[in-house]
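First up is the structure itself, then whatever we jot down about it.
The values are calculated or read from the model by the stated rules, or taken from the named source; none is laboratory data. The structure presented is a predicted model; accordingly, all values stated were derived computationally and were not measured. Note that we place each Cβ from the backbone using ideal geometry, even for glycine, and neighbour counts take in every protein chain shown. Just so you know, the surface numbers come from the protein's heavy atoms only, side chains and all, with ligands and any DNA or RNA stripped out. Shrake-Rupley method; radii C 1.70, N 1.55, O 1.52, S 1.80 Å.
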Amino acid sequence: MSELIEHSRTPLLLTERKRVSVANNAAREILGEHMLGQDVRVAFRHPDAVALLDQSSSGTATVRGLVRRLDIWQINYKRLDANLGVIELVNQTAEADISRAHTDFVANASHELRTPLASVIGYIETLSDEDADYTPETRGRFFATVLSEARRLQSLISDLMSLSQVEAEKHDRPTGVIRLKELVEGASIDAAGPDRQHRLLIECHEDSTIVGEARQIEQVIRNLVDNALKYSGINETVVVSLDRAPSGDARLRVTDYGEGIAPEHIPHLTRRFYRTDPGRSRASGGTGLGLAIVKHIVERHKGRLDIDSEVGKGTVFTVRFPASEKAVDDVS
Ligand code: ADP
């Protein structure tokens, strides 16, 4: 019996008169070798687990902090007869984390959508008040606010849809073969728009070919270039460069000479709705989703995203994509 269960990835234990007589490898890894032969109540120690294993019938309990402080395990206890019992442990920590992240995301997204919507409704109500006598200038200002808030809603919805699509495709490897140079130049100019184009310095030293989906790579470039322009002075240059890293990977760098990012924020920047300065982000039309989208796309392309920044000096976002084995000539 012990050989049969030894290699199961599920921690399994057999008890005989409340003592652990067999514990497979997975169970020993989490509870320690020393619990073989021990009373189950001593082996588990946790009060909720002890309450379950002490009872005279089979049962199930969900226990928090059995092995580590925040983990969640489901303990299934089956009494086979008066002396023998089987204990199965199912780790539910990851499921609980996913479910929490999901709830947080829905709450954050609803909050982000509700704020501009409330503003649109408020202004429309004010404007439609027949008794109010607003000057054409004031009405114009109100309409401009309604328009900008409606645009904010539109960007939010468009980013939410992009994020959900990128997440849905996360495990499908892209199949297209694309040349980066043209894409980088086009998407950067696109992101800057006519008003900011003069601030761009595009240095594509080399064309690289990668396996990827053009639409998504364009989105990575657009989001990074837009951020670099947004978070640096209105006269500051942003450098977009494409070359080959020493490893042979295609390397895209977006460098700005803006305000920079404090080190404690850097590990969190790719989380949905994370902003170092929410007011500033919203005022410049940010949704807080741009870098989360970038991260997912880069992961799908088996690439890597690095962020180097110095407060007061500026920031460099570097994306590496594995270069395709295919020659540039193969691109149709
Ligand atoms: P947002 O829509 O707020 O720009 P992002 O996901 O694109 O959302 O970026 C998340 C946050 O990261 C931003 O709110 C900003 O605080 C910070 N950030 C991103 N790019 C830069 C940059 N180039 N310089 C300084 N801060 C940046």
How much accessible surface does Ile5 have with a 1.4 Å probe, in Å² rounded to 10?
20
Within the chain, what whole-number % of the accessible surface is contributed by carbon and sulfur, with the 1.4 Å probe and all protein chains included in the calculation?
50
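Is there a quick way to get the dipole size of the range 80-138? I mean about its Cα centre, with the Cβ of Lys and Arg at +1 and of Asp and Glu at -1; what is the value in debye to the nearest 20?
Values: 2 positive and 12 negative charges, 84 e Å.
That gives the range 80-138 a dipole magnitude of about 400 debye.
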Accessible-area order for Arg45, Arg139, Arg304, largest to smallest, probe 1.4 angstrom, reads Arg45, Arg304, Arg139
Inter-part gap, Cα centre of the range 167-204 to Cα centre of the range 103-166, in whole angstrom, is 29
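Can you sort Glu213, Glu259 by 1.4 Å-probe accessible area, starting with the largest? Provide the component values of the computation, followed by the final result.
Working: Glu213 45, Glu259 80 Å².
Sorted by accessible area, descending: Glu259, Glu213.
Would you mind calculating the gained length between Thr138 and Thr276 on full extension (0.36 nm times residue separation, minus the Cα-Cα distance), in nm to one decimal? Let's see the in-between values first.
On the way: separation 138, 0.36 × 138 = 49.68 nm, distance 3.31 nm.
Gain on stretching Thr138 to Thr276: 46.4 nm.
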Antiparallel DSSP beta bridges within the chain, percent to nearest 5
90
To the nearest 10 Å², what's Arg244's accessible area with a 1.4 Å probe?
100
Taking Cα centroids, how far is the range 37-56 from the range 218-236 in Å?
58
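By how many nm would the segment from Ala245 to Asp308 lengthen if fully extended, with 0.36 nm per residue of separation less the alpha-carbon distance? Provide the component values of the computation, followed by the final result.
Numbers: separation 63, 0.36 × 63 = 22.68 nm, distance 1.62 nm.
Computed gain between Ala245 and Asp308 is 21.1 nm.
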Would you tell me the accessible area of Ile157, worked out with a 1.4 angstrom probe on the heavy atoms of the protein chains, in Å² to the nearest 10?
80
For Arg79 and Glu169, what does the FRET efficiency come to when R0 = 45 Å and r is the distance between their Cβ atoms, rounded to the nearest 0.05?
0.45
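Which FRET efficiency value, to the nearest 0.05, do you get for Leu70 and Leu4 by plugging their Cβ-Cβ distance into 1/(1 + (r/R0)^6) with R0 = 35 Å?
Working: r = 32 Å, r/R0 = 0.93.
Given R0 = 35 Å and the Cβ-Cβ separation, E is 0.60.
Please give the length that would be gained between Asp39 and Asp190 if that part of the chain were fully extended, namely 0.36 nm times their separation in residues minus their C-alpha to C-alpha distance (nm, one decimal). Numbers along the way, then the final one.
Values: separation 151, 0.36 × 151 = 54.36 nm, distance 6.87 nm.
My answer for the length gained is 47.5 nm.
Arrange the residues Arg9, Arg272, Arg68, Arg196 by how much accessible surface each exposes, largest first, with a 1.4 angstrom probe. Write out the running numbers ahead of the final one.
Working: Arg9 220, Arg272 75, Arg68 170, Arg196 55 Å².
Highest to lowest solvent-accessible surface, that is Arg9, Arg68, Arg272, Arg196.
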Unit charges on C-beta of K, R, D, E only; dipole of the range 2-91, Debye:
260
Calculated FRET efficiency for the pair Leu113/Gln55, C-beta based, R₀ 45 Å, to 0.05
0.40
Among Ala187, Val220, Thr237, whose Cα projects farthest towards the positive end of the dipole of the chain, with charges put on the beta-carbon of Lys, Arg (+1) and Asp, Glu (-1)?
Val220
